[in-house]
1. Students often get this wrong, so check it: of A:Lys65/A:Lys199; A:Lys55/B:Lys37; C:Lys199/D:Lys65; C:Lys37/D:Lys199; C:Lys65/D:Lys37, which have C-alpha atoms separated by over 25 Å?
2. Any chance you could list P(r) for the stretch B:64-211, counting all Cα-Cα pairs in 5 angstrom bins from zero, rounded to whole %?
3. Buried accessible area between C and D (1.4 Å probe, both chains summed, ligands and nucleic acids excluded), in Å² to the nearest 100?
4. Give me, ordered by chain and number, the residues 5 or more places off C:Leu212 or on other chains with an amide H under 5 Å from its own placed amide H.
5. Using a Förster distance of 25 Å, how high is the FRET efficiency between C:Leu60 and A:Leu60, based on the Cβ-Cβ distance and rounded to 0.05?
6. From the phi angles alone, apply the Karplus equation (6.51, -1.76, 1.60; θ = phi - 60°) to the stretch D:156-169 and give each ³J(HN,Hα) in whole Hz, x where the residue is Gly or Pro.
7. Could you give the nm distance between label points at A:His214 and B:Ala164, where each point is 7 Å from its Cα heading toward the beta carbon?
8. Out of the total accessible area of the stretch B:64-211 (probe 1.4 Å, heavy atoms of protein only), what percent is carbon and sulfur?
There are 4 protein chains.
Amino acid sequence: MRFTKAEKMVRNKSSNPQKTDRREEILDGAERAFGRKHYHEATMDDIAEVVGVGKGTIYLYFASKEDLFLSAAERKLSQLAEITRAASESGSDAADAIRRIVHAQLDFFVANIEFVRMLFVQLGNFHLGESQSLSDIRQRWLPAMLQTINLTTSAIERGQSEGAFRNVPARDAAMTLDAMIRNCVFMQALDPFTDLATKGQVVETIFLEGMLNHE
Amino acid sequence: MRFTKAEKMVRNKSSNPQKTDRREEILDGAERAFGRKHYHEATMDDIAEVVGVGKGTIYLYFASKEDLFLSAAERKLSQLAEITRAASESGSDAADAIRRIVHAQLDFFVANIEFVRMLFVQLGNFHLGESQSLSDIRQRWLPAMLQTINLTTSAIERGQSEGAFRNVPARDAAMTLDAMIRNCVFMQALDPFTDLATKGQVVETIFLEGMLNHE
Amino acid sequence: MRFTKAEKMVRNKSSNPQKTDRREEILDGAERAFGRKHYHEATMDDIAEVVGVGKGTIYLYFASKEDLFLSAAERKLSQLAEITRAASESGSDAADAIRRIVHAQLDFFVANIEFVRMLFVQLGNFHLGESQSLSDIRQRWLPAMLQTINLTTSAIERGQSEGAFRNVPARDAAMTLDAMIRNCVFMQALDPFTDLATKGQVVETIFLEGMLNHE
Amino acid sequence: MRFTKAEKMVRNKSSNPQKTDRREEILDGAERAFGRKHYHEATMDDIAEVVGVGKGTIYLYFASKEDLFLSAAERKLSQLAEITRAASESGSDAADAIRRIVHAQLDFFVANIEFVRMLFVQLGNFHLGESQSLSDIRQRWLPAMLQTINLTTSAIERGQSEGAFRNVPARDAAMTLDAMIRNCVFMQALDPFTDLATKGQVVETIFLEGMLNHE
DNA sequence: AATGAATGAGGATTCATTCAT
DNA sequence: GATGAATGAATCCTCATTCAT
């Protein structure tokens, strides 16, 4: 039985253990490589070397450099959404859910610092559109990104309907919080000697105190 | 008579008005070109076309593509620092200074949306280090960036010493605010139909209410 | 036990019926594959897929892609020589032999259109030499090709010695006839709706009338 | 003033002497390079070396390797059509026109042996279709090829309407003659010591005697 | 014997930079 | 000073061949 290239690509997502492993290995390496250099600066040779496979091998699992890049980010974004869901659900009330989301995401970002590099280096581009060939970035990344932002938005809306949170546009607030958290990782990278916990605390304080109804 | 490349570059910083004008024109064009495409996606041909000069001409004023890019951003970052200083100084008290900074920066970003694209697309890289050839990004950008962040930090410290602001690490808070403001521009770019004023209001509310001492 | 590559190749020429069958299958597939695409455009993957075997299997029977290609053509050229011999021998006189050769070859070409594609696409190269890696094309193909052309040449010489044919260099005439016949197949491919029989008739008429002594 | 790439390509066809010269130089080199090796075997490096320019320079004048190849052949085919027209028009009667066409084309082919190699190596492919990316070969080459074949066809039809030529399908006869002439060049390449004049004579004799009405 | 995943040399194309005009 | 034609290093991707299973 024969498969076209496209079909093969799909098959790779199936559960064949060997192929899946190799695919994951390549994604791991790509994450590291793209974490160290810009999309345009990381060459396929770099990536192959990091992964420890031949250049051609990558093309057995991914259709192009772009596909590889999008896939690597996609995987991480899904994990982030999952982390966020778990954090949100374990919160006793809205404020607690927010607190847990903040810390869960911080932990995730720190544990995946290379992903953060990779992702946010490209993210400006995502937000700001234009880039033709990377245009389908939207299609590949948006679902997981929306899922994540929606979870935070929901937590805020819950707090608002309970009367605990100030009445600001929930989605805007959620995206603001998102930016605040990401920023901690940037700061951490800038000055590795400060404590990330402190920074997380600052975000938590400012955001929660800013949201809470003090009457 | 001949000049080494270094000598030429120094000469270009001289005050010959014609040369200065042409240099500024090129920076304007670079800003637009880099605003539309990634550093690696914008070619020197693109830039020359946008500026309306020959490709070789750019090399009379800038040593390399990288130098051009760094210079264009440098100029804007200085303007941002200037704007921020004016806003901060015109504030009647700490909270007012913060409010003015938020809105001044938002206005500046909106008026220079292409710069924001250009800058923040590369910024992740800046924060997160590594990239060899762009390593001197630090040297070129850091002064103006520090100046800007220090102005916000000072305003916060003023509020804290007056007892109006909560006692969190001022610099971390300043950088958090910075991230919140930048994020507005991203959101604006994502959904151009929402009102930027609203988003600015959300940032102002969350940050100020979060910082204010409610006892 | 291990064999060097050369030993393996020799073994493959042995008469083990199974191996021979598989070898023929692969040649059949190669013929189809090379008939559809240029030598350089048909990949070993293509061929393996057409044949319905694994890519590695081909290398059990042929030393390289080039060897496969040369072998496939070699086989067909031998068949063409055989067809031509039969046609020539069944002719009652020289003119009749020529007529039979023309039609036998046309029939063969039509029945093996993919071979014709394969062969004549490469043939310019053959005639015109140079191509290093394909240089031994000569050694592999020339025997059968000479055999074919010699049969036609003999028929013409017979006609000349009988006084029926005009006295032109027989070998040149034979090669000209060969080109005329091949050309029919090209024309047929160009315009599939015209009748090949007509074209064959044109060739027969022009060649025979041109050769016959009209005194 | 600025031009898009496509516009530049068109401009190159204009009469700017420098650009035209360089373009012609490249075509000359391409002709030699493609004459020595198959389209797929001649690399852009080869061609650049033969021409004596940098690899990138070729791309200033031609959009791709394919474009270069098609352009080189196009140029020659136009010259062949022109040669053929002149020969046909200078013929005193139909038979004479044919004779002149035969010898003019032979001379042209001999003088442009590398073109013949280039062209006919690819021509099988042309006639026999398929090759996707080279599909527009048709559009680029057909006009000049049709022009050439139509000239020969006309000469034959003239002879038929004058009653001098046998009544066979004129176009088929023309294409047959074409194949006969091309074949001389092949033979010449095979055995460089034979006289091409003799071969031309054989073609002329067989074709004309075959076409002439002997009643 | 048969397979097809892995490999890396090789090739088309792009683009920052130079330099003759 | 200004230009843009020329360059070739660098990059993505393909595919013949190998070899562990």
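1. From A:Lys65/A:Lys199; A:Lys55/B:Lys37; C:Lys199/D:Lys65; C:Lys37/D:Lys199; C:Lys65/D:Lys37, over 25 Å: A:Lys65/A:Lys199; A:Lys55/B:Lys37; C:Lys199/D:Lys65; C:Lys37/D:Lys199.
2. Binned Cα distances yield the sequence 2, 9, 18, 22, 19, 15, 9, 4, 1, 0, 0.
3. The summed interface area works out to 4100 Å².
4. Those qualifying (amide H under 5 Å, at least 5 residues apart or on another chain) are C:Arg166.
5. Numbers: r = 23 Å, r/R0 = 0.91.
So the FRET efficiency works out to roughly 0.65.
6. 5, 4, 4, x, 5, 5, 7, x, 7, 9, 4, 8, 10, x
7. 1.4 nm
8. Answer for the stretch B:64-211 is 51 percent, counting heavy atoms of protein chains only.
The values are calculated or read from the model by the stated rules, or taken from the named source; none is laboratory data. Just so it is clear, the structure is predicted and the values come from calculations on it, not from any experiment. Using ideal geometry, Cβ is built from the backbone for each residue, glycine included, and neighbour counts are taken over all protein chains shown. What goes into the accessible areas is simple: the full protein's heavy atoms, side chains included, and nothing from ligands, DNA or RNA. Shrake-Rupley method; radii C 1.70, N 1.55, O 1.52, S 1.80 Å.
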